[in-house]
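Note sheet for the following structure.
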Amino acid sequence: MGSPSVTIVGGGLSGLSAAFHLSRRFPASSGARITLVEKSNRLGGWVKSERARVKDRYGGRQADVLLESGPRTLRPASKAILELIHLLNLTTSVLTVPRTAPAARNRFLHISGARGLTKIPGSLPSLLVSPLVKILVPAILADFRRRNGRVLNTSQANDESVDAFLTRHFGSEFAQVFGSALIHGIYAADSRQLSIRAAFPAMCRLEENGKGSIVRGAISDMLSLTDTSEGLTYHVGDVAQLMKGVSVYSFRDGMQTLTDAMTNYLKQQQNVVIVKGDGAAALAKSTTGDGFQVTTESGKEIVSSHLIAAMPLPLLHRLLAHSRSMSPETSQSTSPPPGSTHNAAPLRRPSFPHPALSLKTGIRGRYMVQSHAGNSASSPSSPTTSTPSPVPLLPHLLANPSSSVTVVNIVFPPSDKPIHPDGFGYLIPRPQQGYPSPPGSTLGMLGTVFDSSALSGQDISICADHRSPKFTKVTVMLGGPYGPPSPAPASPDFLPTLLATLQEHLGHDQPLPEPCLVRVREHQDCIPTLTVGHVERMAELRAAVKEKWGENAVVIGASIDGVSVGDCIESGRRAALEL
Ligand SMILES: Cc1cc2nc3c(=O)[nH]c(=O)nc-3n(C[C@H](O)[C@H](O)[C@H](O)COP(=O)(O)OP(=O)(O)OC[C@H]3O[C@@H](n4cnc5c(N)ncnc54)[C@H](O)[C@@H]3O)c2cc1C
């Protein structure tokens, strides 16, 4: 690509990563122009870390605690994140949890009907004394003995749910207890809906290598020390060394360290423009036909040769449908497709013109950010001489549902009796009889993270005596397949119900102490459930982008390339390097 102009729509992790890697590939001296358009007033999407001062009402002790309302921990396997840490000089901000730490070794389940928590065994001796032995040992043996069973061949259009896959290998009890709990923790979703090929492609590889057995596949992988990385080069510097023996990690000031650092880097680049608080309201092919025109809610027009759409697919669908409905060419024929479930408020019609625009951006030349002189009636000498044509709709944008999650950060005052055991936290399997019906009829707890066990370095004690007991911070996740919590967070019954449930799960006889901070965040449609067939559908979507929008456009993000932070960073990186 020569000196492109690129518009990135969506400033979450995926869009930021694309902008960051593009600006490294095309510095100001290259003549390229990069515009990042974000609807909300802040960049980072679901990533949000905040500090709060907490005070113990009786002892007078205080601390500055870090509260995450989105992602909180990362696994060192993603080289794309390690590379970002290296390139953005974030090494000294990293907080690691070694594999030997209790927070890495102690993970729990709360099994309905059992009192308190059940530790997931992490070694053979602990397996033998675990109450879970009666599920785990038969499951492992059943898989190990599998011969000539069905194998999901990764080269065929073949997929099934995580639940069906695990049931085939390890039995239905294992799938219900371990599989559903794991999927609650990562996707806040129903494992009977989630695609194994989209969520855990490595499992399909193990099945194939083990000729039908995941256990045999894993053993042969370990013996051959196969390098499963795709041979891509990442500049990770000494961060790889830092991650030796690490289970999970985060940053002293939380996950937002990553998005803030990318934002600050982009702000320093002369050829990068960030448009915040002003989402894309219409998307069209530019009048010359070889580029794109994004019109924002306030009426800014951004014309570029290349386009990266980095927003959730249902919102992209809404943007495309809205763009078509505004266009005289297509407004007659555009109606929402059947099965459209996205119920967000309609996009605002762009208000033209936007007088402050050219002053704000000061961009000249082929790349243009312009005031619109009254929809299609631009003067002939203007670069936008005729009506831009709306970009065609794409398939499968509404194929996947999304989970909504209520995140509750709770801080308990210092106490001599620990609130929870030392460990990462616990997950709750799907009820044996399935999710209660109708959705929204229970509290719907998916799991709880013991934040101060895993990453206590994020909290700063404001207390002379450092040996005194510390505040305890936990995060409870509610919702997903259970629907919205009942009682609702606004109800006076919500907190007492939540605390009583926590007390029961943690096996306390007495009520838990009164928290000194409770913060509730309700995230609507925040994690896409990549349902069975996702990989094939996304291949079709990518092909349709190339065919209908051209080689200069790409669609990226959690709802296409995978939901983990690593997936999103990788998605943006790949787009920047391949566009
Ligand atoms: C509660 C929670 C906990 C999580 N925990 C973890 C974890 O511990 N580890 C992990 O690896 N992952 C975790 N994840 C997943 C991960 O955080 C997300 O998948 C990731 O942040 C998604 O990034 P994205 O950029 O693809 O999408 P988003 O964050 O959704 O970003 C899309 C952006 O597009 C913007 N946008 C939308 N419409 C428009 C428009 N018309 N014009 C311009 N901009 C627009 C939005 O405002 C948003 O900023 C968690 C997610 C959630 C919600």
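Every read-out reported here was derived from the displayed coordinates using simple, explicitly stated rules and does not represent laboratory data. The structure displayed is predicted, hence computed values, not measured ones. Ideal geometry is used to build each Cβ from the backbone, glycine not excepted, and the neighbour counts take in all protein chains shown.
For Ala101, neighbours were defined as the other residues whose beta-carbon sits under 13 Å from its Cβ, and their charges (Lys and Arg +1, Asp and Glu -1) total +2. Of the cross-linked pairs Lys134/Lys211; Lys55/Lys267; Lys55/Lys276; Lys48/Lys134; Lys119/Lys244; Lys48/Lys79, those separated by over 29 Å at the C-alpha level are Lys55/Lys267; Lys55/Lys276; Lys48/Lys134.
A straight line joining the Cα centroids of the stretch 503-579 and the stretch 164-179 runs 24 Å. The charge dipole of the chain, taken about the Cα centre with unit charges on the Cβ atoms of Lys, Arg (+1) and Asp, Glu (-1), comes to about 400 debye, rounded to the nearest 20. Angle of helix 565-578 to the longest C-alpha principal axis of the chain, folded into 0 to 90 degrees and rounded to 10: 30°. Around the Cα centre of the stretch 194-320, unit charges on the Cβ atoms of Lys, Arg, Asp and Glu (plus for the first two, minus for the last two) sum to a dipole of about 200 debye.
Across the chain, the mean sequence separation of Cα contacts (distance under 8 Å, 6 or more residues apart), normalised by length, yields a relative contact order of 24 percent.
Ranking Ser456, Ile85, Tyr435 by Cα position along the charge dipole of the chain, where only Lys, Arg, Asp and Glu carry charges on their C-beta atoms, puts Ile85 farthest toward the positive end. Taking the empirical scaling 2.2 N^0.38 Å for compact globular proteins as reference, the chain has a Cα radius of gyration ratio of 1.02. Fewest-first ordering of Thr295, Thr287 by other beta carbons within 10 Å of each residue's beta carbon gives Thr287, Thr295. Looking at the stretch 164-261, the pairs of alpha carbons with a distance over 17 Å make up 68% of the total. Compute the acute angle (0 to 90°) between the alpha-carbon long axis of helix 214-224 and the principal axis of greatest extent of the alpha-carbon atoms of the chain; round to the nearest 10°. Tilt relative to the chain: about 80 degrees.
For Lys300, Lys244, the sequence from fewest to most other C-beta atoms within 10 Å is Lys244, Lys300. Each of Ser191, Ala543, Val65 was placed along the dipole of the chain (beta-carbon charges, centred on the mean Cα), and the one lying farthest toward the positive end is Val65. Averaging Cα coordinates gives a centre for the stretch 1-68 and one for the stretch 272-312; these two points are 19 Å apart. Angle of helix 133-144 to the longest C-alpha principal axis of the chain, folded into 0 to 90 degrees and rounded to 10: 60°.
Residues Asp278, Asp451, arranged from fewest to most other Cβ atoms within 10 angstrom of their Cβ, appear as Asp278, Asp451. Seen from Val239, the other residues with C-beta closer than 14 Å to its C-beta sum to a net charge of +1, counting Lys and Arg as +1 and Asp and Glu as -1.
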